[in-house]
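Below is one structure; the comments refer to it alone.
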Amino acid sequence: AVPRTRILATGGASHNKKILQVLSDVFNAPVFTIDTANSACLGSAYRAIHGLVAERNVSLADVVKLAPEPRLAVTPTPGAEEVYRPLLKRYAELEQKVIYNSASSC
């Protein structure tokens, strides 16, 4: 994983530890949860605020500093990275083929 990478899970699936564990293992990153209603709206609101202050070079990280602190839910299973790293590489290659083929057929 990229250093300091973490996943923030919200919504209904964020209450399912098994789903969160799969996310953590696949992306080799800790998964955090936050208790908030309408998380998509909250994310949109933060982006809107960021857009309003963008001309002052305020980062999105600075905008969300006032957000509730997420709680650690799960961490990657030791050894899972060796299983998923080659699969993620293959997935990225297949995704590029799909994008290239879609673009060339237009």
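The values are calculated or read from the model by the stated rules, or taken from the named source; none is laboratory data. Just so it is clear, the structure is predicted and the values come from calculations on it, not from any experiment. Positions of Cβ are backbone-derived with ideal geometry, glycine not excepted, and every protein chain shown enters the neighbour counts. The protein model used for the area step is the full one, side chains on, heavy atoms only, and it has no ligands, DNA or RNA in it. Shrake-Rupley method; radii C 1.70, N 1.55, O 1.52, S 1.80 Å.
Things to note:
Matching residues to (1) within 30 Å of VAL83 (Cα to Cα); (2) not aromatic (Phe, Trp, Tyr):
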{"site": "ALA13", "(1), (2)": "yes, yes"}
{"site": "VAL26", "(1), (2)": "yes, yes"}
{"site": "PHE32", "(1), (2)": "yes, no"}
{"site": "ASP35", "(1), (2)": "no, yes"}
{"site": "VAL64", "(1), (2)": "no, yes"}
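- Residue in the stretch 30-46 that is at pLDDT 85 or above, of a type in the set (D, E, K, R) and out of contact with any Gly (no Cβ under 8 Å at 6 or more places or on another chain) present: no
- From the list ALA9, ALA29, ALA54, the lone residue that is of a type in the set (Gly, Ala, Ser), at negative phi and over 12 Å from the mean Cα position of the chain (by Cα) is ALA54.
- Residue list for the stretch 23-46, restricted to those being surrounded by fewer than 16 Cβ atoms within 10 Å (Cβ to Cβ) and touching a helix residue (DSSP H, G or I) at 6+ places or on another chain (Cβ under 6 Å): THR36, TYR46
- The condition of being under 16 Å from the mean Cα position of the chain (by Cα) and among the aliphatic types (A, V, I, L, M) holds for ALA40.
- If you go through the stretch 52-87 and keep only what is of a type in the set (S, T, N, Q), at pLDDT below 90 and open to solvent by less than 100 Å² (accessible area, probe 1.4 Å), you end up with just SER59.
- Filter result (open to solvent by less than 100 Å² (accessible area, probe 1.4 Å) and either of a type in the set (Ser, Thr, Tyr) or closer than 23 Å to ASP25 by Cα (or both)) within the stretch 88-106: LEU88, ALA92, GLU93, LEU94, GLU95, SER102, SER104, SER105
- Qualifying residue in the stretch 55-68 (condition: closer than 18 Å to THR10 by Cβ and touching a Lys or Arg at 6+ places or on another chain (Cβ under 8 Å)): yes
- Taking the numbered list (1) open to solvent by 60 Å² or more (accessible area, probe 1.4 Å); (2) over 26 Å from ASP25 (Cβ atoms); (3) under 17 Å from the mean Cα position of the chain (by Cα) in turn, ILE49 passes all entries but (3).
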